[in-house]
1. Going through S112, S93 one at a time, which residue ends up being without any contact (Cβ under 8 Å) to a residue 24 or more places away in the chain, among the hydroxyl-bearing types (S, T, Y) and outside any strand (DSSP E or B)?
2. Looking at the stretch 58-74 only, could you name the residues that are in a loop (DSSP other than H, G, I, E, B) and either of a type in the set (S, T, Y) or farther than 17 Å from P96 by Cα (or both)?
3. Sort through E88, E113, E63 and tell me the only one that's closer than 17 Å to Q177 by Cα and of a type outside the set (F, W, Y).
4. Among N68, N100, N47, which is loosely packed, with under 14 Cβ neighbours inside 10 Å, at pLDDT 90 or above and more than 27 Å from G152 (Cα to Cα)?
5. Which residues, counting only those in the stretch 96-109, are in a loop (DSSP other than H, G, I, E, B) and among the polar types (S, T, N, Q)?
Amino acid sequence: MLKKHYNSLTIIFIVMGLFLLFVNTAKEKEIINSFSIDNKFYGGQINKVQALENNNSYLGILEIPKINLKQGFFEYNSPLNTVDKNIEVIETSKMPDIKNSNLILASHSGNSEIAYFKHLDQLVIGDKIYLYYDNKKYKYVIDDIYDRNKTGYIEIIRDKNKNTITLITCKKKTNMQTVFIGYLDKVLEL
């Protein structure tokens, strides 16, 4: 009788293990170099940055209607691609026209003029993110939101079989960063 229970438990554990293996395969972790973005006022030369922006064209534009955000961003190699001036494109990013891409964007959440992500904490699962890139409008839907300690690296957990947008910012008044994962819903021609 006891042997029957052990056999039943063994089968249950095998089935649960296979299920967990399948679930973990769908969402994989990426570890990327993080950045130190403080929740304080940035006192840099905003006017000089804005003048530079006016003479350069954006690579793309990020729009999040729920928080009234519509802001351009620059190519990875641009001197304007930094959280101290703009929304930053993280080095390992892939643009949305590449299959299974992940565009990773970071910005301040403080109280300065360049704290473009200061209202991201109002977003919830299901909210929309739009990206204008290469004469197309990409619509993403937020699927996951999670916090991680600031350690110099950030863990991105996403389905690598889907086109993804990842937004990263500091969680206000903590030593944490918040990660927003959005998956591509549709692409519209402009």
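The values are calculated or read from the model by the stated rules, or taken from the named source; none is laboratory data. Just so we're clear, the structure is a prediction, and the values are computed from it rather than from any experiment. Every residue, glycine as well, gets a Cβ built from its backbone with ideal geometry; the counts of neighbours run over all protein chains shown.
1. It is S93.
2. Y58, N68, listed by residue number.
3. Checking each option against the conditions leaves just E88.
4. One residue alone meets the criteria, N68.
5. N100, S101, S107, S109
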